[in-house]
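Working notes for the structure below.
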Amino acid sequence: MNKSGEVSASVIKRLPRYYRFLGELIRQKVERISSRELAALMKLTASQIRQDLNCFGGFGQQGYGYNVMDLHEQIGKILGVDRRFGTILIGAGNLGRAIASHINFEARGCELIGIFDSDREVAGKVVAQTTVRHTDELEFFCRTFKPEVAVLCIPKATTQAVAELLVSMGIKAFWNFSHYDLSIDYEDIVVENVHLGDSLLTLTYGVTHLLHGDDEEKKEDN
């Protein structure tokens, strides 16, 4: 937590990982765990875990550690997984179809209630048990069902205009897979920009420096 009392972005980014690891421990029927044991599993430090959780009041007991199920539930509430935010997906191309079909929205606090595409040949097809609607129906749908979250799987060139329309219709948050950085335009809207290419570049950076490190070691050996 920073000096203003706000939880730092780095802590928030770690919460889903805590939630996922604790879920695995529940499936393994682990009932309690110490910060040291959890740190070893997650490749963090016990101090880091205690600091992170203390941002939300702390949940452990000295000499006992954490009740795994209780901590999992409490972090879930912090993340909002017990909510059902109405969610729409714009763009039923390859990426949009994959996200709609393979992401369990309900387990993450969202309910996918509509899928839209600007291609009339795509409209009417069924994706993830949902009939794709044409974007001409978007405004009426939003006025009627009042979704709060939008998933954007659309080209960068159209993102700004679509986002402006959606914000005017009450959308409060974007899960944005276009390559347009919406957080630049909307400071009061929750935006999670997902750049898959950036993630791949982070991977190639790691591989490059791993191999470069091996080369340097060989040079030193010679």
### Task
Take every DSSP beta bridge with both residues inside the chain and express the antiparallel ones as a percent of the total, to the nearest 5.
20 percent
### Task
Let me know the shape class of segment 9-79, please: from the alpha-carbon gyration tensor, a ≥ b ≥ c as square roots of the eigenvalues, rounded when a/c is under 1.5, otherwise prolate if a/b is greater than b/c, or oblate.
rounded
### Message
Out of all DSSP beta bridges in segment 85-197, what portion is antiparallel? Express it as a percent rounded to 5.
### Response
10 percent
### Task
With a length cut of 18 Å (Cα positions projected on each helix's long axis) and a Kyte-Doolittle mean of at least 0.5, go through the chain and give me the DSSP H helices that pass.
156-168
### Query
The list (i) 0.99; (ii) 1.03; (iii) 1.05 gives values of Rg/Rh (Cα atoms, Kirkwood Rh), and only one came from this structure; which label was calculated from it?
(iii)
### Query
What shape does segment 85-197 have by the C-alpha gyration tensor, where a ≥ b ≥ c are the square roots of the eigenvalues, rounded means a/c under 1.5, and otherwise prolate means a/b greater than b/c and oblate the rest?
rounded
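List the pairs from LYS13/LYS43; LYS13/LYS172; LYS77/LYS125 whose alpha-carbon separation is above 24 Å, in the order I gave them.
Too far apart for the 24 Å limit: LYS77/LYS125.
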#### Entry: Listed peptides 161-171, 106-116, 189-199 by packing density, highest first (mean Cβ within 10 Å)
106-116, 161-171, 189-199
### Summary
When VAL11, VAL132 are ranked with the fewest other C-beta atoms within 10 Å first, the list becomes VAL11, VAL132
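Subtract the Cα-Cα distance of PHE21 and ARG108 from 0.36 nm times their separation in residues, and report this length gain in nm to one decimal.
29.8 nm
With n ≥ 4 as the cut-off for DSSP H runs, can you work out [θ] at 222 nm for the chain, using -39500 (n - 2.57) per run divided by the number of residues, rounded to the nearest 500?
-15000 deg cm²/dmol
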#### Entry: Residue exposure sequence - ASP52, ASP181 - by fewest surrounding Cβ within 10 Å
ASP181, ASP52
#### Entry: Relative contact order of segment 95-194, defined on C-alpha pairs under 8 angstrom at six or more residues apart (%)
19 percent
### Task
Scan segment 39-82 for chymotrypsin sites (Phe, Trp or Tyr not before Pro) in coil per DSSP, keeping those whose Cβ has at most 11 other Cβ atoms within 10 Å, and list them by number.
TYR64
### Query
Got the relative contact order for the chain handy, in percent, Cα pairs under 8 Å and 6 or more residues apart?
12 percent
### Summary
Computed over segment 24-100, the relative contact order (Cα-Cα under 8 Å, seq sep at least six) in percent reads 28 percent
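Just so you know, all these numbers are worked out from the coordinates, no wet-lab data involved. The model shown is predicted, which means the values in this text are computed figures rather than measured ones. Using ideal geometry, Cβ is built from the backbone for each residue, glycine included, and neighbour counts are taken over all protein chains shown.
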